[in-house]
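Computed from the coordinates by the stated procedures, all read-outs in this text should not be read as laboratory data. The shown structure was predicted, so the numbers you read here are calculated from the model rather than taken from an experiment. As a convention, Cβ positions derive from the backbone with ideal geometry for all residues, glycine included, and neighbour counts pool all protein chains shown.
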Amino acid sequence: MLYSRVAVLYYSPMNQGNDPLDSCGTCDWPHAPPHRLGGAGVYFVTARTLGCIAYFNTPYRLDRALAALLGLADRYGWRLEAWAFLSNHYHFIAHSPSSESGGTTLALFLKHLHAELTRTINREDGVTGRKIWHNYRETHLTWHKSYLARLNYTHHNPVHHRLVALAEDYPWCSAHRFAQSVTPAWAKTIRSFAYDQIAEEDGDNL
Ligand code: NI
């Protein structure tokens, strides 16, 4: 299966050193302190189904899809920070393996994930050889404002798609875990990051 990929850097030298969050080292979220982002190999990924068909349209399918994402991320050494799995696409933020070429394993990781999910869905639907994934898009995050905006975007995605009123109520998103891991003040700070442009560039507008 072929995947088209677009790498986008959101690094802005004009903003370097002028970020009001540079001093926000008190975040109590142990998985991704923003000040550790430099060189950490953090990626934001969006993948969509072919034709935006809602193959993952039941809780059972979403349960297994998320389990596959989490399990294969672990197997390939990718540490997931945030995720939202929906009926026809998903988003996640993850740290690559720490080795110099760690980011290159993303293609293998996603190829494995998509192949596994394709097999499962096609078997259940009684079809063979059907391609269900259109593409994926990866963004290497080298500036923590980009990271924080995408963190808000990912966690708010079930609300953005009007599936729930409160993101924490959507079971296939890490918003609930995140809300339990950070202080209310930090959660409020994250929510203040606009993501309209990200959604538009990501093809996520309704
Ligand atoms: Ni989305």
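Label point of Leu70 set 7 angstrom out along Cα-Cβ; within the range 121-165, no amide nitrogen lies under 15 Å from it.
If only the Cβ of Lys and Arg carry +1 and only the Cβ of Asp and Glu carry -1, the dipole of the range 62-171 around its Cα centre is close to 300 debye. FRET efficiency for the pair Ser192 and Ala165, taken as 1/(1 + (r/R0)^6) with r the Cβ-Cβ distance and R0 = 22 Å, rounds to 0.70. Stretching the chain fully between Thr120 and Ser181 yields a gain of 18.7 nm (0.36 nm per residue, less the alpha carbon separation). Taking the charge dipole of the range 35-201 about its Cα centre, with +1 at Lys and Arg Cβ atoms and -1 at Asp and Glu Cβ atoms, the residue from Ala94, Leu117, Ile198 reaching farthest to the positive side is Leu117. The alpha-carbon of Lys188 sits under 19 angstrom from the alpha-carbons of these lysines, leaving out residues fewer than 8 places away in its chain: Lys145. Loop-located chymotrypsin sites (Phe, Trp or Tyr not before Pro) across the range 96-136 with a Cβ neighbour count of 10 or fewer within 10 Å are lacking, with loop assigned by DSSP. If the segment from His112 to Asn57 were pulled out straight at 0.36 nm per residue, it would be longer than the present Cα-Cα gap by 17.7 nm. For a test of the definition: using alpha carbon positions, the gyration tensor, and the 1.5 limit on a/c, classify the range 35-201 as rounded, prolate or oblate. The shape class here is oblate.
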